[in-house]
Amino acid sequence: MEPDAIGGANGWNSKAAGCSYAAALVVINALICGRLFHIEYLDQLSSIEGAFIALARYIQRQHAWNAWFPLWHAGMPFSRVYQPLLHYLVAAVSTIFRTSPALSYHLVTAAAYAFGPVALYCLAASFSSNRPASFCAALIFSLFSPSLLFLGAMRVDAGGLWNPRRLQALVVYGEGPNILGLALCMIALASLHWAVRRKTAASALIAAFVLAAVPATNWPSTVALAMGLICYVAVLTAQQLRVSMPRISLVGLLACCLASPFALPSTTWSTFTNTNAISGSPASGWSRWASAVVLVAAIALLRKALLYFRMPLVLRFGILYSVLIGGIVLTDAWFGIRMLTQPWRFHLAMEIGLALSMVFAARTLSTHWPRTKMAAIIALALVCSVQFLNYRRYARQIIKPLQVRDTVEFQTANWFDRNMHGEAVMAMGTNSLWMNVFTNVPQLLGCCEQSVINPEDRIADYVIAKGYASDEQSADISLLWLKAYAVGAIAIGGPHSREHYKDFRYPYRFEGRLPLVWQQGDDRIYRVPERVRGLARVVPLDAVVRDAPHNGIDVAELRNFVAALDNPALPILETNWEGPGNAVLRGFLAPDAVISVGMNFDRGWSASANGRPVQVSQDGIGFLVIKPDCSGNCVVRLNWDSGWQPRFAASIASLALAAAIAWWWRERKSATTTH
């Protein structure tokens, strides 16, 4: 490696000074976001953080890893819901310190916010061994949002160029997983560089662990890490690549093995495929690929120029990282061409490269004009002082406590909790996001779009929310979908609802058509008339939906199915859910009867009737159908198993960890023998 990438200087570059720099950064950022450390509920219910708090609450109560998750989108494996590291950290903090999941979430994410600049400092110091310049870069990252220089819409959204976009993303939009993931991303890159320099088993194992933590936390941060790894390899010279690539590959392989339990093939594939169906999906046509080719060519030429002029390693990395991520973000912002899904989500990662580039470019220039160095330091100190006060003021404006019991989100969830007794419900917007912070009642919606395993769920969600043509037709069609999905009640708000997003069109469609069971102002809850309450319903085989509806108004087969659900001649099962993925169903069945369960089909489902295995299949709306083939009294046991993937991934991770530990032990023993 280059001289400035090896380290080991004295004075200001000592380890004591490094700890002082890190402590100063933590204090500065903790003072900015300090209110988060003691606020349970924020006055930001439009944030998605409600879904993340709900996950931590569920983990704390259910120990959910590799279990079935029934609360959102008609059920899915918990491993597919969201990358779990943050939620397990929040659940652990909540358990250890006996705090609520909401307060614990803010404690953990505030700590991640304060730690983020320290992570950038570690990255810069690892690449350059210049601690003062690294501190300046971390200070820029702490007190400026350089992405706002280029993104006009986000600049307006943040309220001006000088406001803290990273804090806004955390508090207003609930980007806790991304904030933590980016901090881990920077530590991972620093650890990898450290492992390449040290060439020890211990450093390789540490780097692999931190690298694996990123995909266990957040997918956008994982993409940012992948781009960081590409840039790191790109900034190395040919000779450095020959020396370092075997170790980089080894650390990468070990990290992949350790991360595999948190990124199963099914989870990764469903997330990848779902990105094409969510808002902000990549552009179609030639423009996307032409833009990618131009960006790759620009990166290649820029790399060659940076190596030719012998720019420092940290500056080469900062510039390439800024251009790579900036190209993806700005191509969308300026020209409307999306090369990746939701490219605007990477603008916080772009700030890492921009902070490094700005400071280390100034440092490189100052070597030619040394007299400007002190003036630049004084100017930076003055501007940072003003920015610190500005950031504190902005933080006070957006970090405010909330009496959650006075909100429609709490009141709606509370009514469902007291009256639905486990039946599925339907709510939209913030009512849906915050529902399971207060109750374990399953709901048709929830979070998050990339997790949906059944495309019919999206059709049902859309047509129920948007309606069709008129109040009467909207009520007719949405009621069919609600009954088919075993939804027992629906919360719906009008234009004056206290719910933030107000996603319902034709909000008064059920007035006079369904029983109104709760109302406050323009917020209402209607009961859906159901002959059978619960998820397990007996229907004739010929009533099962066979062909998947193409859209929300393709309801011919759905009408036949719902008519069977309402048929009083059919039996009602006694249903006992012994766990999220285990149920016992008892009833008197005819030979041709089947059991339709309002839960998404998955290959992990199996069933037995009176002790013998029976067929489990998928109907046209993606639901689980059991064919018990028994006449008279029948006891059906339903069970979900996570399958081979988690076990295989756990085995791979365990073997990789054991091999790495054995490598470390052998190396340590060899060093002891030598000495």
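The values are calculated or read from the model by the stated rules, or taken from the named source; none is laboratory data. In this text the structure is predicted, and so the values were computed from the model without any measurement. Here the Cβ positions follow ideal geometry from the backbone for every residue, glycine too, while neighbour counts run over all protein chains shown.
Okay, residues lined up against (1) in a helix (DSSP H, G or I); (2) of a type in the set (A, V, I, L, M, F, W, C); (3) surrounded by 15 or more Cβ atoms within 10 Å (Cβ to Cβ):
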| site | (1), (2), (3) |
| --- | --- |
| Ser266 | yes, no, yes |
| Ser270 | yes, no, yes |
| Ala292 | yes, yes, yes |
| Ala298 | yes, yes, no |
I'd like to check which helices (runs of 4 or more DSSP H) are fully inside the range 365-474 and have at least 1 residues that are within 28 Å of Tyr506 (Cα to Cα) and touching a residue at least 24 places away in the same chain (Cβ under 8 Å). 408-419, 429-438, 455-466
For the range 337-350, what are the residues that are within 12 Å of Phe150 (Cβ to Cβ) and crowded, with 24+ Cβ neighbours inside 10 Å? His347, Met350
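Listed here are the residues, each with its yes/no results for (1) charged (D, E, K, R); (2) within 30 Å of Thr275 (Cβ to Cβ); (3) modelled with pLDDT of 95 or more; (4) assigned by TED's automatic domain parsing to the domain that holds Gly581.
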{"site": "Cys19", "(1), (2), (3), (4)": "no, no, no, no"}
{"site": "Val27", "(1), (2), (3), (4)": "no, no, yes, no"}
{"site": "Ala30", "(1), (2), (3), (4)": "no, no, yes, no"}
{"site": "Glu49", "(1), (2), (3), (4)": "yes, yes, yes, no"}
{"site": "Val93", "(1), (2), (3), (4)": "no, no, yes, no"}
If you check every pair at least six apart or on different chains, which have Cβ atoms under 6 Å apart with a residue in the range 606-629 that is assigned by TED's automatic domain parsing to the domain that holds Glu456 and surrounded by 21 or more Cβ atoms within 10 Å (Cβ to Cβ) first and a residue that is in a strand (DSSP E or B) and modelled with pLDDT of 95 or more second? none
Candidate set: the range 182-210, residues that are part of a helix (DSSP H, G or I) and hydroxyl-bearing (Ser, Thr, Tyr); chosen: the one surrounded by the most Cβ atoms within 10 Å (Cβ to Cβ): Ser191
By residue number, the members of the range 244-291 that are at positive phi and modelled with pLDDT under 80 are Gly280
Turns out the strands (runs of 3 or more DSSP E) fully within the range 553-658 with at least 2 residues that are of a type in the set (S, T, N, Q) are 574-579, 593-600, 605-609, 612-618, 632-640
Scan the range 15-43 for residues that are crowded, with 18+ Cβ neighbours inside 10 Å, not in a helix (DSSP H, G or I) and not aliphatic (A, V, I, L, M) and report the count. 2
Residues that are surrounded by fewer than 22 Cβ atoms within 10 Å (Cβ to Cβ) and outside any helix (DSSP H, G or I): does the range 239-260 have at least one? no
Tell me, yes or no, whether the range 211-221 has at least one residue that is in contact with a strand residue (DSSP E or B) (Cβ under 7 Å, 6 or more places away or on another chain) and either in a helix (DSSP H, G or I) or closer than 30 Å to Trp65 by Cα (or both). no
I'd like to check something: does the range 347-362 contain any residue that is under 19 Å from Ala124 (Cα atoms), among the hydroxyl-bearing types (Ser, Thr, Tyr) and at pLDDT below 95? no
Condition test on Arg418, is it within 30 Å of Ile140 (Cα to Cα) and basic (Lys, Arg)? no
Being aliphatic (A, V, I, L, M) and either surrounded by fewer than 22 Cβ atoms within 10 Å (Cβ to Cβ) or more than 29 Å from Trp664 (Cβ to Cβ) (or both): is that true of Ala169 here? yes
